[in-house]
Amino acid sequence: MKFGDQLQQEIFAPWRLSYIQYDVLKNELKARQMDHTWNPQDEKEFVSLLENELEKVYDFVTAKLSEVEARISYCERTIQTFMNNPTWSSDQNWGIMDDALTEVLFDVNDLAKFTRLNYIGFKKIIKKHDKWTDLNLQQDFVPQLRNRPLDRQRFDVAIVFISALHDICRLQGKPRTGNSAAGGDQSAFERATAKYWIHPDNITEVKSIIMLHLPVLIFNKEKRFESSDSAISSVYFDNPDFDLYTGRLQRDEGAEAIRFRWYGPMSSKAIFLERKTHHAVWLNGASVKDRFRLNVDDVSNFVAGDLTADECAERMRAKGTDPKVVEDSHFVAQGIQTSIQEKQLSPVLRAFYDRTAFQLPGDQMVRVSLDTNLSFIREDNFDRSRRGSREWRRPDVGIDYPFGHLDDSECLRFPYAVLETKLQTHLGQKAPEWLTKLVDSHLVHEVPRFSKYLHAASYFFRERMPLLPWWLSEMEIDIRKPRSTNFGLTRSKSFKPLIDGQYRRAMETEERRMSMLPVNTEPTLIVSSDVPLDYGPFGKNRQSGQNMEMRNLGEPVVVSGKNKKDIRLNMDDSGSSFEEKKPTTWRRALGLGGNLVDDPNKKGAYVALKKIKIEPKVFFANERTFISWLQFAALLLTVALNLLNMGDYVSRIAGGIFIGISIAVAFYALYRFEKRAWMINRRVLGRYDDLWGPAVLCALLVGALIVNLY
């Protein structure tokens, strides 16, 4: 698909005027080329057009980001008010705030797509310009792109804040149990993992979907989250023969991967020395990742062998560290140091990425991580000196993605994000349904056994590698897939947020319903046959003292009278129909017309929906209907008054009839309004439409016209 067509297809209609005018720029470029040879004046005017478009797009993104931040701050203040004032803490208020946060989340998702689409548009139009004019605008336009960097817009911070507030709403202000840092320093843990590539077009949507089910994991809640907090850097070790690379690729028994990792900026003091072992002998053949912590000032000495594992253990004991932690750390440190010395390992490359981790604090049963801005940087000294002999990482590289100061031969910017799911399957944990839907959807592309280190090493040192990873061929295909289901974040025709094709409330209700359905048990409706039917709330034979209740779908519904002769009916999964053991419709069974089991006294059940929450818009809809009828009555009254004041004898007769009709319409509208309000307040399951009112009104008007004509 051509980019112009793609742009028109993916435009978010409310923001239509703020997109790059790609077709206008393209047509301007083509028209001038066909009319005459491109000249400096043409170049000047085209660059001016391009700058105006860039300024328009960038200002829009900046304004929307400020708006998003303001809305998040408002939600944060309101939620704090709920938490400080228990009288404000109600299901309805928490639901309203959750809805507001969902709206903000959708706007962030739309804004991320908007920014990326426009960034691609500028790149393509500049490339087309250079191709048609033989000029190098791609280089000359760099200062403008740096001043208004669409490719560096970050939405991670907003998503993290929304996630934190959404989690508070989910718990209704109650503190979540569990330690966010639990497991952060553990020396060994075992998980079943699966890895997927995410196209940049889908990154924010995938983050948002996961966030709706798992909160973003924040290790340090004492400080306000910053974008640099998500940065992770890892330096991988190997030897000139790439023995570790070969062992990992071939999945040899006991194959190792050794890396030194730190979180956040380069100034971070804590360095984690990690070792991944395939089928570790000391764990009866289980694959494991273990690690220990070292101060940044001690890393060089540890690599050189000047700081031994025994000395590291002694320091830990002197600090009063738990003996079991000391023992585990000593075992890991000794194994890593032995491998470095015996296999002559040295730093070969660095992996950098921004990680968003999703996990319930203190619960490692299900963990999902999404790595974006993935980049690989050479750290080796094979062909030239990139670092000093006592340095374990090069000093000229920080976390300033996209590392524009590095040559392409020194840095590989991976085109996709990497999604990793981790389940503790040895505890019997199964993937939740929402996660299964996600990994089966069009948003992800599964790449089994993908390894960051193997991919980067095979790129930088391909001439040294006897074997290459299988997934390199996947880099040549477009991993995007057409949307085949309603899964994901979309908007309705009125631009309301839809989750999996449903409004959020409907989705949550469906999830609650499914979770409440008993296994291998058919949900039933139990209705007492001794409660007289009265065809709605204003019938004649209302029996008092009933226990009236309708529960959520999947629960039994019991309406009991004085005698306990119950009738059991089956409910289908949609909740839209019932099938009785005897031939009667579900509407009759619920007292909405007709009799129950052919009883001549028309006995049955009257059901009130006491547990169903009523949205405010239901009351507003009732009011709008009432006002519409009053508007018609007022119009009819205006016609009647004109006929009375300005007409002859016959006209005054017609005017009098019309006045009578308008008065009748007004009182009828008031009656219907009060009746519907009564039904809504009591959650009555009955007819809310008006069968006879419009028909009678039409008949009266036609009758009045006939009288007037006569």
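The values are calculated or read from the model by the stated rules, or taken from the named source; none is laboratory data. In this text the structure is predicted, and so the values were computed from the model without any measurement. Because the Cβ atoms are built from the backbone with ideal geometry, glycine has one as well, and the counts that use them run over all protein chains shown. Just the protein is used for accessible areas: all its heavy atoms, side chains included, with ligands, DNA and RNA removed. Shrake-Rupley method; radii C 1.70, N 1.55, O 1.52, S 1.80 Å.
When Asp689 is tested against the conditions (1) touching a residue at least 12 places away in the same chain (Cβ under 8 Å); (2) outside any helix (DSSP H, G or I), the lone failure is (1).
From the list Leu705, Leu700, the one residue that fits, being assigned to a helix (DSSP H, G or I), in contact (Cβ under 8 Å) with a residue 24 or more places away in the chain, of a type outside the set (Ser, Thr, Tyr) and open to solvent by 60 Å² or more (accessible area, probe 1.4 Å), is Leu700.
Tell me whether the range 412-422 contains one or more residues that are free of Cβ contacts under 8 Å to residues at least 60 places away in the same chain, among the charged types (D, E, K, R) and either open to solvent by less than 60 Å² (accessible area, probe 1.4 Å) or under 25 Å from Thr204 (Cα atoms) (or both). There is at least one residue in the range 412-422 that is free of Cβ contacts under 8 Å to residues at least 60 places away in the same chain, among the charged types (D, E, K, R) and either open to solvent by less than 60 Å² (accessible area, probe 1.4 Å) or under 25 Å from Thr204 (Cα atoms) (or both).
Look through the range 479-501, keep the residues that are in contact (Cβ under 8 Å) with a residue 60 or more places away in the chain and either farther than 30 Å from Leu212 by Cβ or surrounded by fewer than 17 Cβ atoms within 10 Å (Cβ to Cβ) (or both), and return whichever of them is farthest from the chain's Cα centre (by Cα). In this case the residue turns out to be Arg480. Just one residue in the set Pro395, Pro448 is touching a residue at least 40 places away in the same chain (Cβ under 8 Å) and either closer than 19 Å to Ala357 by Cα or of a type outside the set (Val, Ile, Thr) (or both); that residue is Pro448. Of all residues in the range 119-137, those that are touching a residue at least 12 places away in the same chain (Cβ under 8 Å) have Cβ atoms under 6 Å from Cβ atoms of residues that are open to solvent by 20 Å² or more (accessible area, probe 1.4 Å) and among the charged types (D, E, K, R), 6 or more apart or on another chain, in Tyr119/Asp151; Leu137/Asp130.
Answer yes if at least one residue in the range 683-693 is among the acidic types (Asp, Glu), surrounded by 15 or more Cβ atoms within 10 Å (Cβ to Cβ) and out of contact with any Gly (no Cβ under 9 Å at 6 or more places or on another chain), and no otherwise. For the range 683-693, residues among the acidic types (Asp, Glu), surrounded by 15 or more Cβ atoms within 10 Å (Cβ to Cβ) and out of contact with any Gly (no Cβ under 9 Å at 6 or more places or on another chain): present. Exactly one residue out of Val299, Val303, Val235 is buried (at least 21 other Cβ atoms within 10 Å of the Cβ) and either assigned to a helix (DSSP H, G or I) or out of contact with any Leu (no Cβ under 9 Å at 6 or more places or on another chain) (or both): that is Val303. Go through the range 366-399 residue by residue and tally those that are under 30 Å from Ile210 (Cα atoms), part of a loop (DSSP other than H, G, I, E, B) and not small (Gly, Ala, Ser). Residues meeting the conditions: 1. Taking the criterion of being at pLDDT 85 or above and closer than 20 Å to Asp238 by Cα, would at least one residue in the range 359-373 satisfy it? Within the range 359-373, none of the residues are at pLDDT 85 or above and closer than 20 Å to Asp238 by Cα. Considering only the range 642-656, I want to know if a residue exists there that is assigned to a loop (DSSP other than H, G, I, E, B) and hydrophobic (A, V, I, L, M, F, W, C). No; the residues of the range 642-656 include none that is assigned to a loop (DSSP other than H, G, I, E, B) and hydrophobic (A, V, I, L, M, F, W, C).
Phe667 - would you say it is in contact with a Ser or Thr (Cβ under 9 Å, 6 or more places away or on another chain) and part of a helix (DSSP H, G or I)? So Phe667 does not fit the description; no.
Of all the listed residues (Lys26, Lys44, Lys64), the sole one being surrounded by 13 or more Cβ atoms within 10 Å (Cβ to Cβ) and more than 26 Å from Lys496 (Cα to Cα) is Lys26.
Screening Gln334, Gln364 for residues that are open to solvent by 20 Å² or more (accessible area, probe 1.4 Å) and more than 17 Å from Asn301 (Cβ to Cβ) leaves exactly one candidate, Gln364.
Entry remark, the range 260-269: residues being open to solvent by 20 Å² or more (accessible area, probe 1.4 Å) and assigned to a strand (DSSP E or B) number 1 in total. The set of residues in the range 452-474 that are surrounded by 14 or more Cβ atoms within 10 Å (Cβ to Cβ) and either within 21 Å of Pro200 (Cβ to Cβ) or more than 33 Å from the chain's Cα centre (by Cα) (or both) comprises Lys452, His455, Ala456, Ala457, Ser458, Tyr459, Phe460, Phe461, Met465, Leu468, Trp471, Glu474.
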